[in-house]
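Trainee: Below is one structure. I have some questions about it.
Nothing in this text is a laboratory measurement; each read-out follows from the coordinates by a stated rule. The shown structure was predicted, so the numbers you read here are calculated from the model rather than taken from an experiment. Cβ: placed from backbone, ideal geometry, glycine included. Neighbour counts: every protein chain shown.
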């Protein structure tokens, strides 16, 4: 399993959010943000393979960017947040980091999951 995973839940429709584009980046002191992966949530609203076969998890700051505007547009819904960015810090690369996003057209919430 990837050391970083995510799950998007659509609070407006009361179900997982499939088809949300997700980008994972890591802050590199010399070059700014470095792209690590781009994926799309599956039918269960999950991305389980962000770092599978890719670079090893390192200490540092990471960000997940969710393309929520494109997702809501599919349902004919406007959103105040066309993109949601979640910045988090990895202090122990041996742990698993699950970052869920709860989203609606006019709000969002996130937390460290398990």
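Trainee: Considering only region 61-72, state which residues are under 16 Å from residue 16 (Cα atoms) and surrounded by fewer than 16 Cβ atoms within 10 Å (Cβ to Cβ).
Mentor: The one that is under 16 Å from residue 16 (Cα atoms) and surrounded by fewer than 16 Cβ atoms within 10 Å (Cβ to Cβ): 70.
Trainee: Would you mention how many residues in region 29-74 are under 10 Å from the mean Cα position of the chain (by Cα) and not in a loop (DSSP other than H, G, I, E, B)?
Mentor: Within region 29-74, residues that are under 10 Å from the mean Cα position of the chain (by Cα) and not in a loop (DSSP other than H, G, I, E, B) number 9.
Trainee: Kindly indicate whether residue 51 is out of contact with any strand residue (DSSP E or B) (no Cβ under 8 Å at 6 or more places or on another chain) and in contact (Cβ under 8 Å) with a residue 40 or more places away in the chain.
Mentor: No, not satisfied.
Trainee: Counting only residues that are buried (at least 16 other Cβ atoms within 10 Å of the Cβ) and closer than 21 Å to residue 3 by Cα, how many does region 85-114 have?
Mentor: Total satisfying the criteria: 8.
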